[in-house]
Amino acid sequence: MSTRRTLFCRSDWALDFDEDVRKRVLMGIERIVKAEAAASGAPQPPEITPLDRYPLVVNDPAASKRVVDAFRRHFSADRVCETGPAPASEDFGSFGAEWHAPSVFWFVGGTDPDRYAKAKEAGRLNEIPTNHSPRFAPVIHPTLQTGVEALLVAARAWLAP
């Protein structure tokens, strides 16, 4: 007597630095998964279904300069820093891409400064929960005030004369 066995696997990947890299990595993952299934004698090839596909988040250079300049005028120098590319998957990228409008994505830090310093010293920054984690717990003040200020400052950079 034989029974059919089904194995459900899920793998989450954030591949948002470069569209060509994303395509190559996804093709490689599919090729490896299919080869492993064939090598192990799977009765049928695996079904691979990409979920939650968003375009790359690419800040418009001119819009970024305008917003960053406004941030630097409003916030002290130690509160504004440039980040490099982040491996995030955000629906925000859809807005600028679909509407062909300049867009700027920025981060507002919310981690307790002592916790951040300890994690940085231990080389464990990647263990601090981020905004999509159920363990994400930003320090409410001054995070909320900073976020609202940042939104108002950015809007004023575009709307004020």
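Nothing in this text is a laboratory measurement; each read-out follows from the coordinates by a stated rule. Remember, it's a predicted structure, so these values are computed and weren't measured experimentally. FYI the Cβ positions are ideal-geometry reconstructions off the backbone, even for glycines, and counts take in every protein chain you see.
When only Cα pairs below 8 angstrom with a gap of at least 6 residues are kept, segment 61-159 shows a relative contact order of 37 percent. Candidate values (i) 17.3; (ii) 19.5; (iii) 16.7 were compared with Kirkwood radius over Cα pairs in Å computed on the shown model; the agreeing label is (ii). Work out the FRET efficiency for residue 65 and residue 29 from their Cβ-Cβ distance, taking R0 = 45 Å, and round it to the nearest 0.05. So the FRET efficiency works out to roughly 0.75. The residue list 83, 133, 96 was ranked by how far each Cα lies along the charge dipole of segment 38-150 toward its positive end, using unit charges on Cβ atoms, and 83 comes out on top.
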